[in-house]
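See below for the structure under consideration.
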Amino acid sequence: MAAHRYFLEKRLRTRPKLSARKPVNLDTCQSIGLLFDATEPATRETALRYAQKLKERGKKVQMMGFYLADQPEDSSSLPFLSFGKKQLNWALCPNSPDVEAFMDQKFDMLINLDTEAKVVATYIAALSLASFKVGPELDRGWYFDLMIDVSRRPSLAHFIEQMESVLKKTNAKHVPIEV
């Protein structure tokens, strides 16, 4: 883990910085990156359903799934970008052109749907150029703008429900008052 942290911090120092963080809410954001563990079919299906729900709201959604087991042979037919354990180096840092392209996307919002906060997902989230980053609560989650505590019910469906609830509260329209 120390090697992973070392390479992450080294990479963060060379990464371009966002000129300014901008306030984002679920209603106004137009592009969303979804990062998720695609290893289990049930989790994969939940992530795909959520992506479809976001698309129905008019959001542009890009998905990145990771496999902690062997990646399917024909991953080109998947409806999302993906990588497997063969694309991880010895320090568990992803090494794939698809991952680099995903991290370089300037999403309005990045949502890490990995409720267990695996190091692979946290690496990508930390290096993402997204304006606003949402993920599960972590001890080392200093790179998220919003963290959702799902320790009591760590299911993906519960995480999505809690995240949407919090983000809807930030959707309030602020109108200046003239005095």
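Look at ASP98 and say whether it is under 29 Å from ARG153 (Cα atoms) and among the charged types (D, E, K, R).
Spelling it out, it is not the case that ASP98 is under 29 Å from ARG153 (Cα atoms) and among the charged types (D, E, K, R).
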Of the residues that make up the range 14-31, is at least one under 22 Å from LYS168 (Cβ atoms), modelled with pLDDT of 95 or more and not β-branched (Val, Ile, Thr)?
yes
For the range 82-116, which residues satisfy the criterion of being surrounded by 19 or more Cβ atoms within 10 Å (Cβ to Cβ) and within 18 Å of THR46 (Cα to Cα)?
SER82, LEU110, ILE111, ASN112, LEU113, ASP114, THR115
May I ask you to list the residues in the range 58-81 that are loosely packed, with under 13 Cβ neighbours inside 10 Å and modelled with pLDDT of 95 or more?
GLY58
When you go through (1) in a loop (DSSP other than H, G, I, E, B); (2) modelled with pLDDT of 95 or more; (3) under 18 Å from the mean Cα position of the chain (by Cα) one by one for LEU92, which number turns out not to apply?
(2)
If I go through the range 107-125 residue by residue, how many of them are at pLDDT 90 or above and under 20 Å from GLU9 (Cα atoms)?
4
Anything in the range 95-137 that is in a helix (DSSP H, G or I) and of a type in the set (Ser, Thr, Tyr)? List them, or say none.
THR122, TYR123
Enumerate the pairs (first residue in the range 47-68 and among the basic types (Lys, Arg); second residue anywhere and at pLDDT 95 or above) with beta-carbon separation below 8 Å, excluding pairs fewer than 6 apart on the same chain, so at least 6 apart or on different chains.
LYS55/VAL61; LYS59/SER31; LYS59/ILE32; LYS60/SER31; LYS60/ILE32
Which ones in the range 116-136 are of a type in the set (S, T, N, Q) and farther than 20 Å from LEU88 by Cα?
SER131
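The values are calculated or read from the model by the stated rules, or taken from the named source; none is laboratory data. The structure presented is a predicted model; accordingly, all values stated were derived computationally and were not measured. Glycine gets a Cβ as well: all are built from the backbone with ideal geometry, and neighbour counts include every protein chain shown.
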